[in-house]
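A quick write-up on the structure given underneath.
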Amino acid sequence: MAGRLLGKALATVSLSVALAWVTVRSSGCRSLPAYRNSFSSCWFHLNTGTMSGSNGSKDNSHNKARTSPYPGSKVERSQVPNEKVGWLVEWQDYNPVEYTAVSVLAGPRWADPQISERNFSPKFNEKDGHIERKSQNGLYEIENGRPRNPAGRTGLVGRGLLGRWGPNHAADPIITRWKRDSSGNKITHPVSGKHILQFVAIKRKDCGEWAIPGGMVDPGEKISATLKREFGEEALNSLQKSSAEKREIEEQLHKLFSQEHLVIYKGYVDDPRNTDNAWMETEAVNYHDETGEIMDNLTLEAGDDAGKVKWVDISAKLKLYASHSQFIKLVAEKRDAHWSEDADADCRGV
């Protein structure tokens, strides 16, 4: 009974979201002024567009979560056509593959036990001790004791490479500065006429794709602490530094991360590691070094999960991991920076 009631509630929410999405899309993607925690109409388009696919729409924002082989394996997902992604679409013959990586089943501290294990009774949709099991997109359904991906079918059940059943929370620090010439003047794009923004990008070791630095939020850890820790580890190689170097890095990072910032996105991420029962959610936050002086005192050096790190010009030509291109696009809009040479590209996907 509870499951059916929750299903009806989710259907109602989905309808409201779909109507809002149509309204936003028809009104265009005009940005709001950039200020702390502000949200533009394009942010809303991204967020609702992602979740609208959960109930049967033909939205294509749930693509990477259906790709094969599954990362780090030879496992092929069951194929899920666009029209059958949503859980509200009846599909009696749906037969997803079961897969949880050996590294997860080994029981590291960052992973849950199997659902079937005795004494494991997770409190889904709420704070479970120090573990956050609430989704940033609202309530998710539980079926046969397992949480169900709110964005729809992925062709694979279990947890794959993800440690937690349900939402796996991450944080992505987007560090930006203005691109400048040798005299220190901001460089303007010749076509758009807007200043060019740069961000710190890493090349992931696991898949070779360029991405925003970031990582998982530890149980009980504040998002702000995760953002600073992950940037230091992946973009500055802080784990390999001496005590004196670590103190210097910490001082500069404190200056950077104590500034006013923009929360770019909070919610579900179309990640290739997602399954029907475990999925990635993130909070992407932009910290902007207006003068560039803070980052001038820090030397980029890849570390931890990063193979390479560098400053990258932000533009529509970027091809990044998971949903990261969309996050970068929103940063450019909020900072009124160059994005595309096509004036009509602002309201198209990346």
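The values are calculated or read from the model by the stated rules, or taken from the named source; none is laboratory data. Just so we're clear, the structure is a prediction, and the values are computed from it rather than from any experiment. Don't worry about glycine lacking a Cβ; one is built from the backbone with ideal geometry, like all the others, and counts go over all protein chains shown. Heavy atoms of the whole protein, side chains included, go into the accessibility calculation; ligands, DNA and RNA do not. Shrake-Rupley method; radii C 1.70, N 1.55, O 1.52, S 1.80 Å.
Per-structure values
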{"item": "Highest to lowest packing among 249-260, 136-147, scored as the average C-beta count within 10 Å", "result": "136-147, 249-260"}
{"item": "Accessible-area composition of region 118-247, carbon plus sulfur, in percent [1.4 Å probe]", "result": "45"}
